Amino acid sequence: MTLADVSVYTILLIAAVLSYRTGKLTRTGAVVGDIVGVFIYKGAGVTGLILLAAFFILGLWATKWQIDKKTLTGVAEKNKGRRTAWQVLANGGISAILGLMAWQSPAHSVFVQVMIAGSLAAATADTLSSELGTVYGRRFFNILTFKKDTRGLDGVVSIEGTLIGLIGAMLIAAIYSISLGWSVVFCWIALAGAVGNLIDSVLGAALERRGLIGNNLVNFLNTFTGAMVCWLLVGMG
C-alpha cells in the first residue's frame, strides 16, 4: 500500500463520517459509500473519485436547491434527502463493480474508466433533471404519451429539466476530459448520460408508476445504460 493509497482511504473515511454526521447519508449509506469510493479509486484512480465526488456534490446541491418550493409542490425528497445504502448502490453500484473489474484487470482500466464516467454522467443527468426540472420546468408531459402530466410523477419530464440533465452529463464529461485529455470521448460520455436519463424516464412511466419496479432499480438501470452506451461507442471507435 502506497502513501497515496493511505491518503485517499483516509479522505474517503473522513468524507463518509462527515456525510453521516451532517445527515447526507444514513450510517449504512456512509459505509457503502466508502466502499464504493474505494472500488472506484482502485479501478479508475483519482479521476474516478473526482467524478464520484462531482456527482455527489451536484446531487446534494440540486436536492437542497429551492427546497421550500419543492416541499410546497409536493416534489421534495423524503427523509430530507438523506441517502440510504440502497440509494448509494443504485447510483454508484455500477461504477463500483466496474472499478473492481478494472482493479482485477488493469489492462482494461482505460476502457473501464470511460464506462464509469458514462455511468456517473447518467446518474448526474437524472438527479439534476429531476431536482431542477421540477423547479424550472414550465410544461410537463409523460415521456411515453407526450400528453400533459403532473409535475414530479414518475416518467414525467420537461424540456427544461431534460436540458439541465444534459448539462449535468456534460459537466461529468468535462471533468473526465480535463483529467485525461480532450477527445471525442467527451461526446460519448455526454451522450451516455442523456440516454441513461431518457431510459430512466421511460422506465419510470412504463414500470415504476405501475409499482412493478422501485426507484432504486430504475436508477441502477439508468447508470447501467450509461455505462453500456460508452461500452458500445468505445467498441465502435
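Bear in mind these aren't lab numbers, they're just calculated from the coordinates by the rules spelled out. Quantities reported herein were computed from a predicted structural model and do not represent experimental measurements. Counting neighbours? That spans all protein chains shown, and the Cβs are built from the backbone with ideal geometry, glycine included.
Computing Rg and Dmax of the Cα atoms in Å directly from the structure and comparing it against (i) 16.7, 47; (ii) 17.2, 57; (iii) 18.7, 65 singles out (ii). When both the stretch 130-155 and the stretch 177-237 are represented by their alpha-carbon centers, they are found 19 Å apart. Listed peptides 164-174, 49-59 appear in the order 164-174, 49-59 once ranked by packing, highest mean of other Cβ atoms within 10 Å at the front.
The residue list VAL31, THR145, ILE94 was ranked by how far each Cα lies along the charge dipole of the stretch 3-236 toward its positive end, using unit charges on Cβ atoms, and THR145 comes out on top. Basic side chains Lys and Arg get +1 at the Cβ, acidic Asp and Glu get -1 at the Cβ, and with that the dipole of the stretch 3-236 about its Cα centre reaches some 680 debye. The distance linking the stretch 1-35 with the stretch 103-117 is 22 Å (Cα centroid to Cα centroid, whole angstrom).
Take every Cα pair under 8 Å whose residues are at least 6 apart in sequence, average their separation, divide by the length of the chain, and the relative contact order is 22 percent. Could you tell me whether the stretch 81-192 comes out rounded, prolate or oblate from its Cα gyration tensor? Rule is a ≥ b ≥ c as square roots of the eigenvalues, rounded for a/c under 1.5, then prolate if a/b exceeds b/c, otherwise oblate. Cα axes put the stretch 81-192 in the prolate bin.
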